[in-house]
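Below is one structure, written out as structure tokens; the observations come after it.
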Amino acid sequence: MFNKTAASYFLLLEFSEVRELQFLHFSIFLMLYLATVIGNLLIILSVALDHHLHTPMYFFLMNLAMQDLGQVSVILPKSMINSLLNTRHIQYSGCVAQVFWLTFFISSDWSILTVMAYDRYVAICNPLHYEIVINIQAYTEIIAGVWIAGFLSAGMHTIGTFATHFCSNVVNQFFCEIPQVIKVSCSGIHPLEMSTLGVGIVLAAGCFVYIIVTYVHIFTTVLRLPSAKGRQKAFSTCIPHLIVCSTFIFTASVAHLKPASKTSSWLDLMFTVLYSLIPPMVNPVIYSMRNTEMKKAMSKVLSFRYIARNA
């Protein structure tokens, strides 16, 4: 019998007991991790170094890239190390840290996406008031609010998840995911976690509705623009954000609304990878595809690195 004090570690799900497949898992996750890190660091450096991108929209995008970078860094390194060392262990404190930081980054991600929708709404539907509404003080306070709300949400979820006794230390996932950690508790979901989850679902649904309503107004306004060039420019800034929001919603919904199962399957693992790793990896690609300014800034960063390396 395990309890909160006796369980000094948890056993995470391993992809395979075959050593060759463990190395394959390590290699695949390493490539995913490097692609995600490089892509998001490129976004961060491009916005930070190019003064043309020192605007609220790109400031929010840089913060989104930071959240995505943090999200994959919470999940992948520990899983890769376990595969490389042929182990499943994660310390109790490590599991707590994973739950806290993963919850923080995911909730902050969704908040920033909502804020970015508001930014696009003001820029397109009320352009004359944009600099008054979205000024330096305003977007600094917004980001600070997002981070504070993320920490509060993560703290409440973490306390609610681990404020219980555990009947097992075997977590049926390759990282400490809240639903899987709750499954090994003796008393099920804690009332605090139930309350926090309920509030979180309501807030997330509210953000989703807000984004939908916002984009209805945005597209209505864009279609009324007399200039084809103006419509194209507006769509080029809105479509990537809408795709990112849709990817986030779709992957999270598929992973968490599917029928629960007592045992893990490759389908469960695929859904988990889909919502936890794919959005952070593809976001830089989506935001750079149709954005000419971002492409130019990225080219400058890459050229600078090439010149510095060969100097």
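Quick test of your reading of the structure: L42 fulfils all but one of (1) under 18 Å from the mean Cα position of the chain (by Cα); (2) part of a loop (DSSP other than H, G, I, E, B); (3) not acidic (D, E). Name the failing condition by number.
If we test L42 against (1) under 18 Å from the mean Cα position of the chain (by Cα); (2) part of a loop (DSSP other than H, G, I, E, B); (3) not acidic (D, E), just (2) comes out false.
Restricting the search to region 50-71, which residues are closer than 11 Å to N283 by Cβ and among the hydrophobic types (A, V, I, L, M, F, W, C)?
If the condition is that a residue be closer than 11 Å to N283 by Cβ and among the hydrophobic types (A, V, I, L, M, F, W, C), then L61, L64, A65, L69 are the ones that fit.
Within region 86-109, how many residues are under 15 Å from L13 (Cβ atoms) and within 19 Å of the chain's Cα centre (by Cα)?
Residues meeting the conditions: 2.
So for region 70-85 (the condition being at pLDDT 90 or above, of a type in the set (S, T, Y), open to solvent by 30 Å² or more (accessible area, probe 1.4 Å) and within 13 Å of the chain's Cα centre (by Cα)), does at least one residue qualify?
Checked region 70-85: at least one residue is at pLDDT 90 or above, of a type in the set (S, T, Y), open to solvent by 30 Å² or more (accessible area, probe 1.4 Å) and within 13 Å of the chain's Cα centre (by Cα).
Tell me whether region 48-56 contains one or more residues that are assigned to a helix (DSSP H, G or I) and among the polar types (S, T, N, Q).
Checked region 48-56: no residue is assigned to a helix (DSSP H, G or I) and among the polar types (S, T, N, Q).
Does S107 satisfy being within 30 Å of T164 (Cβ to Cβ), crowded, with 17+ Cβ neighbours inside 10 Å and of a type in the set (G, A, S)?
Taking the combined requirement at face value, the residue satisfies it.
Out of the residues in region 218-231 meeting the condition of being among the polar types (S, T, N, Q) and loosely packed, with under 13 Cβ neighbours inside 10 Å, tell me which one is modelled with the highest pLDDT.
That would be T220.
Specify the residue that is modelled with the lowest pLDDT; the eligible residues are those in region 200-217 that are closer than 12 Å to S107 by Cα and open to solvent by 90 Å² or more (accessible area, probe 1.4 Å).
Of all residues in region 200-217, those closer than 12 Å to S107 by Cα come to 200-201, 203-204, 207.
Restricting the remaining residues to those that are open to solvent by 90 Å² or more (accessible area, probe 1.4 Å) gives 201, 203.
Details: I201: 82, L203: 86.
Among them, the one singled out is I201.
What residue, among those in region 247-263 that are open to solvent by less than 60 Å² (accessible area, probe 1.4 Å) and at pLDDT 75 or above, is nearest to I286 (Cα to Cα)?
Applying the filter and picking the extreme gives T247.
Any chance you could count how many residues in region 17-56 are surrounded by fewer than 20 Cβ atoms within 10 Å (Cβ to Cβ), under 22 Å from E141 (Cα atoms) and in contact with a Ser or Thr (Cβ under 8 Å, 6 or more places away or on another chain)?
0
State yes or no: is N126 at pLDDT below 85 and open to solvent by 30 Å² or more (accessible area, probe 1.4 Å)?
Against the criterion (at pLDDT below 85 and open to solvent by 30 Å² or more (accessible area, probe 1.4 Å)), N126 does not qualify.
The values are calculated or read from the model by the stated rules, or taken from the named source; none is laboratory data. Please read all numbers here as calculations on a predicted model, not as lab measurements. Here the Cβ is made from the backbone with ideal geometry for all residues, glycine too, and neighbour counts use every protein chain on show. For the accessible areas, the whole protein counts, side chains as well, though only heavy atoms, and no ligand, DNA or RNA atoms are used. Shrake-Rupley method; radii C 1.70, N 1.55, O 1.52, S 1.80 Å.
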